[in-house]
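S.K.: Dropping the structure in here first, questions after.
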Amino acid sequence: MGKTEIQKTETNYNNNLNNNPNKSISNLISSVILNNSSNSYENISKKELQDIINNQLKNNIPNISRINMNGYGMQYLCSYLHKNPGTNYKEMKLLGCNLNDDDLFILTRTLLDHEIGLLVLNLSSNKITDDSATNILDLLKDCKSLKGLSLYNNMIGAILKEKLKEYAKLG
């Protein structure tokens, strides 16, 4: 069975990261191009979703991408983080998980309540809008370990972009 375009992209990303230790993680993340694949995870059961999340959270860099995390999935992920204090993740990939502003609120509150040493959070290709501006700014301001945040290919407009520019000037 051949690799899908996303699997090829992830393989290239991981090879670049392993072969270029001096290259910034956030630069590598921003170079990932997410292409739609024929694989759809939207119709999986809650049990299958739990298993996927549990298996990925055992990794140092959980990659929970292309899975419909909207609603229950985000609640389960955050519940896991609440129940496992001291968990330390350097990077969390939540690309194309159908996350919206409500999901981002839950994730932000969890990350702010439980420091997990997160350096990079990749939220590319979701449904995050300007309504999440306060949550994103709170995360950038108060999550001291966070050094990179990817919001590529979301529904972000001028409002959030302007607030992020203002924040960058203050920081």
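The values are calculated or read from the model by the stated rules, or taken from the named source; none is laboratory data. Just so we're clear, the structure is a prediction, and the values are computed from it rather than from any experiment. For neighbour counting, all protein chains shown are included, and Cβ atoms are generated from backbone atoms with ideal geometry for every residue, glycine included. Keep in mind that these areas ignore ligands, DNA and RNA; they rest on the heavy atoms of the full protein, side chains included. Shrake-Rupley method; radii C 1.70, N 1.55, O 1.52, S 1.80 Å.
Here's the yes/no breakdown for (1) among the aliphatic types (A, V, I, L, M); (2) at pLDDT 90 or above; (3) open to solvent by less than 30 Å² (accessible area, probe 1.4 Å); (4) in a helix (DSSP H, G or I):
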| position | (1), (2), (3), (4) |
| --- | --- |
| CYS97 | no, yes, yes, no |
| LEU104 | yes, yes, yes, yes |
| ARG109 | no, yes, no, yes |
| GLU115 | no, no, no, no |
| ALA133 | yes, no, yes, yes |
| LYS163 | no, no, no, yes |
| GLU166 | no, no, no, yes |
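S.K.: Right, here's the next one. Within the range 75-91, does at least one residue satisfy the condition of being over 16 Å from the mean Cα position of the chain (by Cα), of a type in the set (D, E, K, R) and at pLDDT below 75?
M.R.: no
S.K.: Also, quick follow-up: Sort through MET92, MET74 and tell me the only one that's in contact with a helix residue (DSSP H, G or I) (Cβ under 8 Å, 6 or more places away or on another chain) and surrounded by 19 or more Cβ atoms within 10 Å (Cβ to Cβ).
M.R.: Exactly one of MET92, MET74 is in contact with a helix residue (DSSP H, G or I) (Cβ under 8 Å, 6 or more places away or on another chain) and surrounded by 19 or more Cβ atoms within 10 Å (Cβ to Cβ), namely MET74.
S.K.: Within the range 78-89, can one find any residue that is crowded, with 20+ Cβ neighbours inside 10 Å and not in a loop (DSSP other than H, G, I, E, B)?
M.R.: no
S.K.: For the range 135-144, what are the residues that are surrounded by 13 or more Cβ atoms within 10 Å (Cβ to Cβ), over 15 Å from the mean Cα position of the chain (by Cα) and either more than 15 Å from LEU107 (Cβ to Cβ) or among the β-branched types (Val, Ile, Thr) (or both)?
M.R.: Answer for the range 135-144, where residues must be surrounded by 13 or more Cβ atoms within 10 Å (Cβ to Cβ), over 15 Å from the mean Cα position of the chain (by Cα) and either more than 15 Å from LEU107 (Cβ to Cβ) or among the β-branched types (Val, Ile, Thr) (or both): just LYS141.
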